[in-house]
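J.: Handing you this structure, nothing more for now.
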Amino acid sequence: MIVEATNRDPVSPAQFVCAANLRVTVAGTAFAYRDLGPRDGLPLVLLNHWGAVLDNFDPRILDGLARTRRVIAMDYRGIGASGGTAPLTVGEMADDAIAVIRALGFKQVDLLGFSLGGFVAQDIVLRAPERVRRLILTGTGPAGGQGIDKVWSVSWPLMLKGLLTRRDPKFYLFFTATTNGRKAAKDFLNRLKERETDRDKNPTPGAFMRQLKAIHAWGRQPPQDLSRIQIPTLIVNGDNDIMVPTVNSAELADRIPNSQLILYPDAGHGGIFQYHTDFVTRATAFLNA
């Protein structure tokens, strides 16, 4: 069942802040999503990071992309307002996303995956290449990539630091410790608070840890044959990503034949958030090429 949004202004400057919370049911499980932008053209499906819910998508990026195209942001199974239990593998998340895309009636989509979402996006293209026209991979890396299975050892000290300093851990995990990085972190975290009503549910600790196990498994599994990804691919990261080390973005660009790489200076895992205006411009041009 698809519940459509009503009374939504398709040209609002703050679409994502007021977008309706929707659900589509697949094999008895309800998946939460938000749907914005014009109805015509190929939709862009967004897949987000470890522990992320709908309110962790940067509204400037979604609003910017939705000026010219339909954008679907979704919660994974067992995360946020989606039902079920969070999967323990990236492959299961990819199968879920393919099923949601099919249930929404889309024969083909473009994909944008950030971090864990980039793992899932790669797997979607490898499992159902006919479903994806163009691919954007941000802050992410290949299966078996360098340092991906070490994400917990990198993350927990900075999560603890966030607790002690009363800051969202993304302040430390997604951005550099420079003046520019700290300002970008504050701006990004303030944007995530702009939606004041009908916010998504926070992930449970159990779901958070199940996704961590899926990330570790991705980091330890054998490399995939990325030469099979034949569609145009845009790869974007900061030049100092400590969560999914930047070297993985360069490896993706080397192994995916029809790809291009953008590395933002003085930026970390959240480089697309720090440079959101430039990213929207480049991503829009890539998708419209």
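J.: I need the full set of residues from the range 101-140 which are crowded, with 23+ Cβ neighbours inside 10 Å and part of a helix (DSSP H, G or I), in order please.
T.: Once the filter is applied, which keeps residues that are crowded, with 23+ Cβ neighbours inside 10 Å and part of a helix (DSSP H, G or I), the range 101-140 yields Ile101, Leu116, Gly117, Gly118, Phe119, Val120, Ala121, Gln122, Asp123, Ile124, Val125.
J.: Follow-up. Based on this model, can you work out whether Glu196 counts as at pLDDT below 95 and either in a loop (DSSP other than H, G, I, E, B) or of a type outside the set (Phe, Trp, Tyr) (or both)?
T.: Answer is yes for this residue.
J.: What about Arg191, is it touching a helix residue (DSSP H, G or I) at 6+ places or on another chain (Cβ under 9 Å), surrounded by fewer than 16 Cβ atoms within 10 Å (Cβ to Cβ) and basic (Lys, Arg)?
T.: No: the conditions fail for Arg191.
J.: Against the condition at pLDDT 95 or above, touching a Phe, Trp or Tyr at 6+ places or on another chain (Cβ under 6 Å) and not basic (Lys, Arg), how does Pro87 come out, does it pass? Don't jump to the end; show me each part of the working.
T.: Numbers: at pLDDT 95 or above: yes; touching a Phe, Trp or Tyr at 6+ places or on another chain (Cβ under 6 Å): no; not basic (Lys, Arg): yes.
No: the conditions fail for Pro87.
J.: Among the numbered conditions (1) farther than 24 Å from Leu263 by Cβ; (2) of a type in the set (Ser, Thr, Tyr); (3) within 19 Å of the chain's Cα centre (by Cα), tell me where Thr68 comes up short.
T.: If we test Thr68 against (1) farther than 24 Å from Leu263 by Cβ; (2) of a type in the set (Ser, Thr, Tyr); (3) within 19 Å of the chain's Cα centre (by Cα), just (3) comes out false.
J.: Moving on. Kindly establish whether Lys150 is surrounded by fewer than 21 Cβ atoms within 10 Å (Cβ to Cβ), in contact (Cβ under 8 Å) with a residue 60 or more places away in the chain and not aliphatic (A, V, I, L, M).
T.: So Lys150 fits the description; yes.
J.: Can you tell me which residue among Asp266, Asp254, Asp239 is touching a Ser or Thr at 6+ places or on another chain (Cβ under 7 Å), surrounded by fewer than 23 Cβ atoms within 10 Å (Cβ to Cβ), under 15 Å from Gly141 (Cα atoms) and of a type outside the set (Phe, Trp, Tyr)?
T.: Numbers: Asp266 fails: under 15 Å from Gly141 (Cα atoms); Asp254 fails: touching a Ser or Thr at 6+ places or on another chain (Cβ under 7 Å).
Answer to the selection: Asp239.
J.: Moving to a separate point now. Which one is farthest from the chain's Cα centre (by Cα), of the residues in the range 214-255 that are of a type in the set (Asp, Glu) and in a helix (DSSP H, G or I)?
T.: Asp254
J.: In the range 169-188, how many are free of Cβ contacts under 8 Å to residues at least 24 places away in the same chain and either closer than 18 Å to Arg60 by Cβ or surrounded by 14 or more Cβ atoms within 10 Å (Cβ to Cβ) (or both)?
T.: 7
J.: Name every residue in the range 63-100 that is assigned to a helix (DSSP H, G or I), among the hydrophobic types (A, V, I, L, M, F, W, C) and under 26 Å from Ser249 (Cα atoms), in order of residue number.
T.: Within the range 63-100, the subset assigned to a helix (DSSP H, G or I) is 63-65, 90-100.
Among the residues that remain, those that are also among the hydrophobic types (A, V, I, L, M, F, W, C) are: 65, 90, 93-94, 97-100.
Listed by number, the residues that qualify are Leu65, Val90, Met93, Ala94, Ala97, Ile98.
The values are calculated or read from the model by the stated rules, or taken from the named source; none is laboratory data. Treat the numbers as computed from the prediction; the structure is a model and nothing was measured. Glycine gets a Cβ as well: all are built from the backbone with ideal geometry, and neighbour counts include every protein chain shown.
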